[in-house]
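*Asks:* Sharing a structure below in C-alpha cells format, with a few things to ask.
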C-alpha cells in the first residue's frame, strides 16, 4: 500500500528554502566580483538556483514520489545511511536536542575552561548523568581519555590549544 | 629498468629496511585509527627525524606510515560511522550499517582484503605504466580534467535514487561552499565576511566530521542506556572475517575494475583518493543489477571504495615523484621530506633515481601486505567494540571528533565549522538530502574551478570539440538521462 508524500511547509520545505537562500545569496553577491572571479560561481550557482527553486516548489506541492507504508516520507530511496525509524519523530527530535545540548555544552566548556580541563569534566559528567554509569567507572574513563589526549596531542603533537576565557580573565 | 629493479630489490630486502617498513606500518596503525589524524599528522611529527635518515630507509618508513593510513581509516568508518579521513567517507555508507547489523567482522574482512589487493593492483599498474606515464597523463589537458570533475559530481549527485535533484543541488552547494576564501586565479576574497579563518577556505575535516560523524553519533545513542552499535543478531551463520574475504573474491571483477579506476584517478593531478572512492562507489551502484541494498549494508559498497582508495595511492605516489605534483595534503609532506632528503621530485626520479622510485613501489606492495595482515589479525577485537554500550563511547568519540576538527588548522573557526555543519548534517539526514555529493563537491571545487578558468582562457570554446571532452560529455548526459528514466520508471511502477 502506498500513499503520496505531501506535507506543505514541513521541515523538508524549510530546509529547501534555506538551501535556496544560501545559493541565492552566493549568486547575488558574486555580482560584485570581477568577471574572472564570478564566472565559476555563476556557472555553478545559476543552474543550482534553478534546481533549488524547482525543489522548493516540489516540497511545497508534495514530492509526488510514491512511498511504501512505513517508509519515511522524506526519505524515498536515498543512498545514504538510513534514518532510524524504530522511534517516533518526536522522540528522535527530543533525543537530538538533548545530544546537541551535551555537544554544545562541551563546546562552551572548551571556550571557557580550555580543552584539557573540559575534556575530563565533559566525559565524567556525561557518563554520570546521561549514561548513569558508576562514579568509579566515570572517573576511570575520564582519566584515561585525559591521559590519552594529553600524551598524544599535548606532549607529542604540541597542538596549539586555544586560550581559555577563564584563564584569560584570571590573568594567566 | 632491469638494473634499477635489481638494485631496488637488493635495497628493500635487508633486515633494517624491513624493520623500518614494519615500524612505519605499526606506528601508522596506532595513530591512523584516530579520526582526522591519520598518516599526515604522523608524517608531520616524524619529519624532523626522517630527514636525518638515508634516503631509501626514509622513503620505506614514509610508505609504511602512509600505506596503513588508507587501511586503518576504515576502522572508525565501519565501527562508528566516523570517517577516519576523507578517503573513508564512502565506506561509511555500507560499512556502518553492516556493523549495526552485527556484521562488523565481515565488513572488516572485506575492507582489509579489498584494500590490500587494491593496493597491490595499483602498485603493479603504476609499475607497468612508468615508461608511458608521462604521455598518458599528458593526454589529459585542462578541459578533460574539468569535465572529469563535473562527471564525478554528477555521478555522485545522481546516485541518490529517488532524489536526483536534491543530489545535484547538494553537489552544487558543496562546490559553492568550497569557493569560500581566496579565488584560485585572481586572489579575490569571496564570502569571507572579513574573517581571517575563512580566507583560506573552510577545512574539509570539520565539514566531513560535522556532515557524517555527529549525525551518526547522535543516532547511535537513540536506543537509550545499554544500547550497542550492533543492534541486530548477525544474519549470516558464520559471522567472521572470512565471510568478508569470500565476498571479495565473489565480487572479484568489481574489485579489479575499482582498482584500475582508482589507479587511473590516482595518476590524475589533484583528483586524489577522496574522488576515486566515490567514483568507484558510483560505478559499483550503476553497474549492479540489484541496487536496493546499497546504503543499507551491501558488501559491494565496502569493496569498491576500499580497493579504489589503496589503488589510487600508488598513482598519487607516482605523480608526486615524477611530476612533483602532490595529489593530497599527505603527499605535500612527502614532497617536503623528499626535498629535505636531497631528492628533488621530477623526471629524474624516473631516470637517475629510478631505483628509489622502484624501492617505493616495492615498499607499497609490502606495506599493503603488512597492513592488511596486521589489521586482519585484529579484526575480531576491533569488531568487539560494537558490543560496548554506546553511552560509554559517545563522550570519548565526541572528544576525538572535536580534537580532530581543531587540529586541522588549530583555529576556533574549525570548531564553529564543526558545529555549523553538524546542524546541516543532521538536517540533511533527517529530511532526505543526500550528504555524499556535498563532500565530493567540496573536494573537487578547487580543481574544477582552476581547470575551468584555464580551459576558458586557453581554449575559448574550441575545447568543447576535443575528443575526450566529447566522450566525457556523453557520459555526463547518459548519467543524467539514466537517472531521470529510472525515476520515471519508479513513479510509473508506484
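*Asks:* Would you list B:292, A:154 from fewest to most Cβ contacts within 10 Å?
*Replies:* Sorted ascending by nearby Cβ count, the order is B:292, A:154.
*Asks:* Ranked by Cβ crowding within 10 angstrom, fewest neighbours first, how are B:91, A:29, B:192 ordered?
*Replies:* A:29, B:192, B:91
*Asks:* Follow-up. Kindly provide the helix-only [θ] at 222 nm of chain B, computed as the sum of -39,500 (n - 2.57) over DSSP H runs of four or more divided by all residues, to the nearest 500 deg cm²/dmol?
*Replies:* Helix contribution divided over all residues of chain B: -23000 deg cm²/dmol.
*Asks:* Sorted by mean Cβ packing within 10 Å, highest first, what order do the peptides B:393-403, A:88-98, A:120-130 take?
*Replies:* Descending packing order for the listed peptides: B:393-403, A:120-130, A:88-98.
*Asks:* Once you keep just the Cα pairs under 8 angstrom separated by 6 or more residues, what percentage relative contact order results for chain B?
*Replies:* In percent, rounded to a whole number, it is 29.
*Asks:* I need to check one value: relative contact order of segment B:119-220, counting alpha carbon pairs closer than 8 Å and at least 6 residues apart, in percent.
*Replies:* Here the relative contact order equals 13 percent.
*Asks:* Pairwise over distinct Cα atoms, reciprocal of the mean inverse distance: report the Kirkwood radius of segment A:90-169 in Å, one decimal place.
*Replies:* 13.7
*Asks:* Can you give the Kirkwood hydrodynamic radius for segment B:277-414, in Å, rounded to one decimal and based on Cα pairs?
*Replies:* Computed over Cα pairs of segment B:277-414, the Kirkwood hydrodynamic radius comes out at 18.7 Å.
*Asks:* A follow-up question, please. What is the calculated FRET efficiency for residue A:111 to residue B:5, with r their C-beta to C-beta distance and R₀ = 56 Å, to the nearest 0.05?
*Replies:* The calculated FRET efficiency here is 0.45.
*Asks:* Another question, then. Say R0 is 41 Å: what FRET efficiency, to the nearest 0.05, do residue B:47 and residue A:28 get from their beta-carbon distance?
*Replies:* The formula returns an efficiency of 0.35 here.
*Asks:* Would you mind giving the mean number of other chain beta-carbons within 10 Å of the Cβ of each residue in B:399-405, as a whole number?
*Replies:* Counting other chains' Cβ atoms within 10 Å and averaging over B:399-405 gives 5.
*Asks:* Order of B:456, B:9 from fewest to most other C-beta atoms within 10 Å?
*Replies:* B:9, B:456
*Asks:* Quick check: convex hull of the Cα atoms in segment B:368-494, volume per residue, rounded to a whole Å³?
*Replies:* For segment B:368-494, the hull spanned by Cα atoms encloses 273 Å³ per residue.
*Asks:* Another question, if that's okay. Calculate the radius of gyration of the Cα atoms of the protein assembly as shown to one decimal place, then report Dmax, the largest Cα-Cα distance, as a whole number, both in Å.
*Replies:* Computed over the Cα atoms of the protein assembly as shown, radius of gyration and Dmax are 24.2, 72 Å.
*Asks:* Against the globular-protein guess of 2.2 N^0.38 Å, express the Cα radius of gyration of segment B:84-189 as a ratio, rounded to two decimals.
*Replies:* Normalised Cα radius of gyration, segment B:84-189: 1.44.
*Asks:* State, to one decimal in nm, how far the label point of residue B:378 lies from the label point of residue B:471, with both points 7 Å from Cα in the Cβ direction.
*Replies:* Distance between label points: 4.3 nm.
*Asks:* Another one. Which value results when the Cα radius of gyration for chain B is divided by 2.2 N^0.38 Å?
*Replies:* My calculation over the Cα atoms of chain B gives 0.93.
Bear in mind that the values in this text are calculations on the coordinates, not laboratory data. All values reported here derive from a predicted model rather than from experimental measurement. Neighbour counts are summed over all protein chains in view; Cβ atoms, including those assigned to glycine, are modelled from backbone coordinates with ideal geometry.
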